[in-house]
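Heads up, the thing below is written out as structure tokens.
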Amino acid sequence: MSTPLLQVFNLSVHYPLRSGLLQRPSGVVKALDDVSLKIEKGSTLGLVGESGSGKTTLGRVIVRLVDPTHGSVSYQGEPITSLRGSELRPYRKKIQMVFQDPYNSLNPRLRIGTILAEPLEIHFPKMSVPDRSERVAELLKLVGLDPSFARRFPHEFSGGQRQRIGIARALAVEPEFIICDEPVSALDVSVQAQIVNLLMDLQEKLDLTYLFIAHDLAVVEHVSDQIAVLEHGKLVEEGPSELITTQPSHPYTQRLLASIPSLA
Amino acid sequence: MAADLLRSLLRRPAGLISACLLLFLYSAALFAPFLSPTIPSAQNLQRTYHPPTSLIWKNGRLCVQRYQLVDPSTASYQPLTGQFTSLSWFAPGTPYKLFGLIPANRHLFSVPSSDPIYLLGSDATGRDVFTRLLYGAGISLTIGLIGVALTSFLGLTIGGLAGYLGGWPDSLAMRLTEFLMAVPGLYLLLALRAALSSRFPSDATFLLIVVILSALGWAGTARVVRGLVLSLRERPFILAANILGQRPWTILFRHLLPNTFSYLIVAATLSVPGYILGEAALSFLGLGIQEPASSWGLMLGQAQDIKIFMLNFWWLLTPGVAIILTVIAFNLLGDALRDAVDPRFRLPGK
């Protein structure tokens, strides 16, 4: 059996709590507690759990925004949690992230063209300026937007359009693995479906691997091959998505499933 | 980018009006020696508290009404009917140095020295208020720019770095700002003025005081910029730049600091009047510009004589009008710039 694309080994992230005048440590918050996961190339792992369960922290450890207290993450069998600076660069190109809040994920002072050209400047420094703007137009088309939007500013777009721009930015570096951190929870239901479908189409077209973080089991069920459930930083259940959604074994998963609103 | 910003600024009525007014004031200050009929220290003790002279169009030439002193004790003058002196244009007069460099002696307009022209009257020693106003503009208007440029630069770099780096550089910078904010500014000024006055001429001392004031004044700006950077640092677009592998300096200069500009530009333009008024206050108290140099605050300070109010020598209060105009223009410009600099307020079209 081949090595999974991404593996998480016994990952813990603890934040010390301090109190009193002298700021003495008085305990720890366990944002993540001994979590192990693996994601196969080309598949989607859905990560669910309520607010504060550590889903976002896990995503941030993988993109190296947060350092783990214990454990490690390896990508294609290589540990990446201890890499620094230039050693990390190749992984910056392979692992990308799409954010929850489309209104804050684009710099309001830059035009869309500049926002999309930034990853190209970093990872394809040899690309000429006309090539770069051609690639920006290509990226906009890829996410279903008009190439002329490159001249506009973020505030001129709707939430769904901004989310598409955010996806285009993540795709600019030709990544293999994308962490979608609640990419649809800030959007209208009708727009949610469009974005989810776009992500699935892109996965097929570009052979992408996803870590799809959401608190909404209904959406996760639709996109994922595997589902992992987090509760208070602990992994409580993991398995193929049909199994988790039809026969949940852990009471927390059962409660999450029961909380999905239905029209019936 | 800069041309874009300028166009967007000038398309707003408030921006256009204030920019034109400031341009007018600054060029008047720059060309003061040429625009004024005489020099600010030229006295005429026979013509104290002279009212503004009236101009008359006669025989195809612009002429100046001649006056006669009727009562020296109340400084009342009477126009001499039918007696005029014609204005001469570009005539040689008192030599001066344009921009402090180019020697010249031409004045835009003047009259033979026996009949002075007082567009805005004369003061207690018969000096031309109009000339002094123009010369004083130079000091009053540049003081604000120097002070603001220094505070904004220091506040932006120190506040931006403190917020972005966090940790001990942040603590160090913040303790420093707290210390600076605790220094009582007015007493420091009084002390500095007393300590330095013997060593430097008045305008050099004043410049030094402004530099010292802004070296103390950046603390407020730095704290606000730091707060802005702290809140921006956690915004997803900054995280996205980190995940893309962007270099920290590029993140600071491309993503963080430009997002503090709309605050900074407004704060800077709004604090220019603060410096102008500060200069006025200091000169008024006799701590700023000293005679024979002139500044708006000094002129207002000298207009505090009860005689001036009793005898209604209103023209001696024109520096106050100039200060009001400048302050309003800077405030309007600050507002218009804030809108122009923020893409969200961009006007439709183009």
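Throughout, read-outs are computed from the coordinates displayed, never taken from laboratory work. Owing to the predicted nature of the structure, the values given are computational and were not obtained by experimental measurement. With ideal geometry, Cβ positions are generated from the backbone for all residues, glycine too; neighbour counts draw on all protein chains shown.
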Between A:Glu231 and residues 5 or more places away or on another chain, the pairs with built amide H atoms under 5 Å apart involve A:Val236
Ranked highest first by average number of other Cβ atoms within 10 Å, how do A:74-82, A:178-186, B:240-248 line up? A:178-186, B:240-248, A:74-82
Sorting check: for A:16-23, B:281-288, which peptide has the highest mean count of neighbouring beta carbons within 10 Å, and how do the rest follow? B:281-288, A:16-23
Quick one: of the DSSP bridges fully inside chain A, what percent are antiparallel, nearest 5? 60 percent
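Within the protein assembly as shown, what percent of beta bridges assigned by DSSP are antiparallel, to the nearest 5?
Approximately 70 percent, going by the DSSP bridge assignments.
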Within the protein assembly as shown, how many lysine pairs that are 8 or more places apart, or on different chains, have C-alpha atoms less than 19 Å apart? 14
Arranged by the count of other C-beta atoms within 10 angstrom, fewest first, what order do B:His107, A:His215 take? A:His215, B:His107
Multiplying the sequence separation of A:His232 and A:Glu138 by 0.36 nm and subtracting their Cα-Cα distance, what value in nm do you get? 29.7 nm
FRET efficiency for A:Val28 and B:Asn105, using Cβ-Cβ distance with R0 set to 60 Å, rounded to 0.05: 0.15
Rounding to the nearest 20 debye, state how big the charge dipole of chain A is about its Cα centre with +1 on each Lys and Arg Cβ and -1 on each Asp and Glu Cβ. 1040 debye
A correct fewest-to-most ranking of B:Tyr275, A:Tyr103 by other Cβ atoms within 10 Å would be A:Tyr103, B:Tyr275
Rg over Rh [alpha-carbon atoms, Kirkwood Rh] for segment A:6-258: 0.99
Would you please report the Å³ per residue occupied by the convex hull of the alpha carbon atoms in the protein assembly as shown? 241 Å³
Scalar couplings 3J(HN,Hα) for segment B:281-290 by Karplus 6.51 cos²θ - 1.76 cosθ + 1.60 (θ = phi - 60°), nearest whole Hz, x for Gly and Pro, are 5, 5, 5, 4, 7, x, 9, x, 5, 10
Can you give me the Cα centroid spacing of segment A:33-110 and segment B:107-179 in angstrom? 51 Å
From other protein chains only, count the Cβ atoms within 10 Å of every residue's Cβ in B:251-261, then give the mean. 2
Given the peptides B:292-303, B:146-157, B:54-65, arrange them by the average over their residues of other C-beta atoms within 10 Å, most packed first. B:292-303, B:146-157, B:54-65
Applying the Karplus parametrisation 6.51 cos²θ - 1.76 cosθ + 1.60 with θ = phi - 60° to the phi angles of segment B:79-84, what ³J(HN,Hα) value in whole Hz is obtained for each residue in order, glycine and proline being reported as x? x, 8, 4, x, 10, 10
Cα centre as origin, Lys/Arg/Asp/Glu Cβ charges: segment B:46-126 dipole, Debye: 300 debye
What distance in nm separates the two pseudo spin-label positions at A:Ala218 and B:Ala281, each 7 Å out from Cα along the beta-carbon direction? 6.2 nm
Given charges at Cβ of Lys, Arg, Asp, Glu: segment B:46-126 dipole, positive-most of B:Thr53, B:Pro79, B:Leu101: B:Leu101
If the viscosity is 1.567 mPa s and the temperature 4 °C, what Stokes-Einstein diffusion coefficient in µm²/s follows for chain B when Rh is the Kirkwood radius over Cα pairs? 56 µm²/s
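Which FRET efficiency value, to the nearest 0.05, do you get for A:Leu17 and B:Leu172 by plugging their Cβ-Cβ distance into 1/(1 + (r/R0)^6) with R0 = 35 Å?
So, using R0 = 35 Å, E works out to roughly 0.85.
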Per-residue HN-Hα couplings for segment A:31-47 [Karplus 6.51, -1.76, 1.60; θ = phi - 60°; Hz; x = Gly/Pro]: 5, 9, 9, 6, 9, 10, 8, 9, 10, 7, 4, x, 9, 10, 9, x, 10
Rank these for me by crowding, B:Ile323, A:Ile115, going from fewest to most other beta carbons within 10 Å. B:Ile323, A:Ile115
At 0.692 mPa s and 37 °C, Stokes D of segment B:223-309 from Kirkwood alpha-carbon radius, µm² per second: 200 µm²/s
Points 7 angstrom from Cα along the Cβ direction at B:Leu311 and B:Cys20: gap in nanometres? 3.9 nm
Between the residues A:Val143, A:Leu199, A:Ile178, the Cα farthest towards the positive end of the dipole of segment A:120-264, that dipole coming from +1 and -1 charges on the beta-carbon of Lys, Arg, Asp and Glu, is from A:Val143
Jot down the per residue volume, in cubic angstrom and as a whole number, of the convex hull over the alpha-carbon atoms of segment B:46-126. 102 Å³
So if R0 is 60 Å, what FRET efficiency would B:Arg11 and A:Glu204 give, r being the distance between their Cβ atoms, rounded to the nearest 0.05? 0.80
